[in-house]
1. Can you sort 88, 170 by 1.4 Å-probe accessible area, starting with the largest?
2. Between residue 204 and residue 11, with labels modelled 7 Å along Cα→Cβ, what's the label distance in nm to one decimal, could you check?
3. Given a Förster distance of 30 angstrom, what is the FRET efficiency for residue 119 paired with residue 86, based on the Cβ-Cβ distance and rounded to 0.05?
4. How high is the relative contact order of the range 1-91, in percent, with contacts defined as C-alpha pairs under 8 Å that are six or more residues apart?
5. Taking K and R as +1 and D and E as -1, what net charge do the other residues with C-beta under 14 Å from the C-beta of residue 105 add up to?
6. For a test of the definition: using alpha carbon positions, the gyration tensor, and the 1.5 limit on a/c, classify the range 13-87 as rounded, prolate or oblate.
7. Ranked from highest to lowest mean number of other Cβ atoms within 10 Å per residue, what is the order of the peptides 172-181, 146-155?
8. With a cut-off of 8 Å between alpha carbons and a minimum separation of six or more residues, what is the relative contact order of the chain in percent?
Amino acid sequence: MIKQGLHNIHLMNIFLLLVVVASWGFVHSLLASLVFKDFICKTLGDGFMRVYRLGYNIFSVISFLPILWLMWLLPDQTIYIVPAPWKYLMLVGQGIGALLLLYGVLQTGPLSFMGLRQLVVPDLKPGTLVTGGLYRFVRHPLYSAGLLFLWLTATMTLNQLVVYVSATIYIFIGAYFEERKLLREYGEEYAKYQASTPMIIPGLLLKRHK
């Protein structure tokens with residue numbers, strides 16, 4: 001009976017975390033979509049779009065905090081603990097992931113990424129397509145670095161696993177829709193880049209069927 005009760009609790013926790021992460025992902029994707037941005041632009045005017053990116057980033061971070069809180073608050077259980085010396089190698093890998101993430105932001109333009117440049121530069125249009133540096137190996141290096149950091153966690157709990165798997169699925173779905181937006185913005189230039197550079201996993205280039 002006790003084991004059955006614990007099993008039911010874990011199932012409810014998994015379901016709750018999945019719903020919360022899915023809800024966050026839906027709202028996050030909706031706010032990032034061109035359709036919603038066009039609606040906001042027509043409703044509130046072009047001037048509001050100067051603060052949209054910054055507001056979007058702030059909202060995304062704040063709205064993700066309840067997920068982290070639930071992950072810590074809900075009853076949990078350890079799935080695995082990687083022993084030394086392997087856990088130290090994983091920590092090094094996480095450090096590399098964090099550095100790659102930082103470099104990717106610097107390469108994209110930190111002020112634009114945070115939404116600060118848009119405050120002083122109105123009507124910011126897509127710039128030159130970046131294909132060098134980390135973008136020479138994958139089309140979405142920030143996603144690659146983030147996944148590397150997540151999955152090199154040496155101690156994994158059930159709640160963490162649920163959030164990490166959900167986040168991974170969301171990243172791949174988000175990358176797909178982001179690619180559609182980039183194709184509309186850059187056209188044939190992005191299509192050629194897409195055909196020659198892996199999406200997220202270095203060395204894994206999936207051929208597109210026409």
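The values are calculated or read from the model by the stated rules, or taken from the named source; none is laboratory data. Not measured: the values here are computed from a predicted model. For neighbour counting, all protein chains shown are included, and Cβ atoms are generated from backbone atoms with ideal geometry for every residue, glycine included. Side chains included, ligands, DNA and RNA excluded: accessible areas come from the protein's heavy atoms. Shrake-Rupley method; radii C 1.70, N 1.55, O 1.52, S 1.80 Å.
1. 88, 170
2. 3.1 nm
3. Calculated transfer efficiency: 0.10.
4. Working: 20 pairs, mean separation 38.3, N = 91.
It rounds to 42 percent for the range 1-91.
5. So the environment of residue 105 carries a net charge of +2.
6. Verdict is prolate for the range 13-87.
7. Most protected by this proxy first, the peptides run 146-155, 172-181.
8. So the answer I get is 29 percent.
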